[in-house]
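Working notes, beginning with the structure itself.
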Amino acid sequence: MSADLEALLRMTFLIVAALFPIVNPLGDAPIFLGLTQGFGSEGRKMLSRKIAINSLMLLVGSMLIGSHILGFFGISIPVVQVGGGLVVLSTGWEMLRRREDESEPKPGPCKPVSPSELAEQAFYPLTLPLTVGPGSISVAITVGANRHVGSVHSWAVLVAILLGSALLALSVYLAYRYAESVARVLGQTAMNVIVKLSSFILMCIGVQILWNGLAALLKISH
């Protein structure tokens with residue numbers, strides 16, 4: 001195996017292994033369903049595709065230029081964690097407080113959804129912070145900042161960033177695209193329980209991200 005191919009495979013595995021548990025498309029799928037009530041199967045299919053594309057761009061952008069953007073505005077990763085943690089916490093709290101009768105699908109035809117509404121919903125809150133949140137972004141920025149720019153394997157690293165991000169985006173698309181079919185098999189009661197548990201876990205993740213940022217800021221201040 002050539003050194004370039006070995007660097008490509010190693011970096012791709014590193015990206016997927018580091019980010020897949022944080023992106024967690026399987027765990028976010030029930031929340032995706034809860035936030036897209038009334039969109040219908042076709043609307044969710046289009047949303048899944050748009051979210052996957054948005055996730056791909058966010059991850060690639062974070063790894064390639066994320067550290068430079070933060071440096072330009074003078075923003076540190078702990079600050080991103082604090083702000084993002086608050087957003088994730090707010091989203092989880094809103095989902096946790098939603099009554100079960102509000103999350104159950106209503107009979108009758110689904111509401112028509114305009115392309116602009118789809119695009120808006122697809123980015124916020126479905127892509128950011130639900131799918132690619134502050135935790136994923138901070139890890140992606142760290143991975144990108146630690147790559148060896150200018151080395152003989154730099155092209156392999158760039159390909160690995162694209163390939164690893166594409167694999168993660170594909171997992172997001174598949175998890176969201178078929179979430180409705182899984183929910184239909186499990187039944188409404190089981191899905192309500194899963195949504196509540198997922199919402200609570202999302203709140204806990206938000207608190208953890210917020211605490212990580214605060215702890216880092218307090219450590220810097222001392």
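Entry remark, segment 110-151: residues being modelled with pLDDT under 85 and polar (S, T, N, Q) number 5 in total.
Quick check on Ser62: is it more than 30 Å from Ile220 (Cα to Cα) and either part of a helix (DSSP H, G or I) or in contact with a strand residue (DSSP E or B) (Cβ under 6 Å, 6 or more places away or on another chain) (or both)? No: the conditions fail for Ser62.
The helices (runs of 4 or more DSSP H) located wholly in segment 120-222 that include 2 or more residues which are touching a Pro at 6+ places or on another chain (Cβ under 6 Å) occupy 154-177, 188-221. Just to be sure, is Asn54 buried (at least 16 other Cβ atoms within 10 Å of the Cβ) and without any contact (Cβ under 8 Å) to a residue 60 or more places away in the chain? No: the conditions fail for Asn54. Would you point out the residue of segment 185-201, among those that are of a type in the set (Gly, Ala, Ser) and closer than 11 Å to Met95 by Cβ, that is surrounded by the fewest Cβ atoms within 10 Å (Cβ to Cβ)? Among those that are of a type in the set (Gly, Ala, Ser) and closer than 11 Å to Met95 by Cβ, it is Ser199.
In segment 82-101, the residues that are assigned to a loop (DSSP other than H, G, I, E, B) and modelled with pLDDT under 80 reach residues that are hydrophobic (A, V, I, L, M, F, W, C) and buried (at least 16 other Cβ atoms within 10 Å of the Cβ) with C-beta atoms within less than 9 angstrom, at least six apart or across chains, in these pairs: Arg98/Val195. Considering only residues that are in contact with a Leu (Cβ under 8 Å, 6 or more places away or on another chain) and at pLDDT 90 or above, look in segment 7-29 and name the one that is farthest from Pro125 (Cα to Cα). Filtering segment 7-29 for residues that are in contact with a Leu (Cβ under 8 Å, 6 or more places away or on another chain) and at pLDDT 90 or above, the one farthest from Pro125 (Cα to Cα) comes out as Thr12.
The values are calculated or read from the model by the stated rules, or taken from the named source; none is laboratory data. All values derive from a computational prediction rather than experimental measurement. Here Cβ is always computed from backbone atoms with ideal geometry, including for glycine, and neighbour counts include all displayed protein chains.
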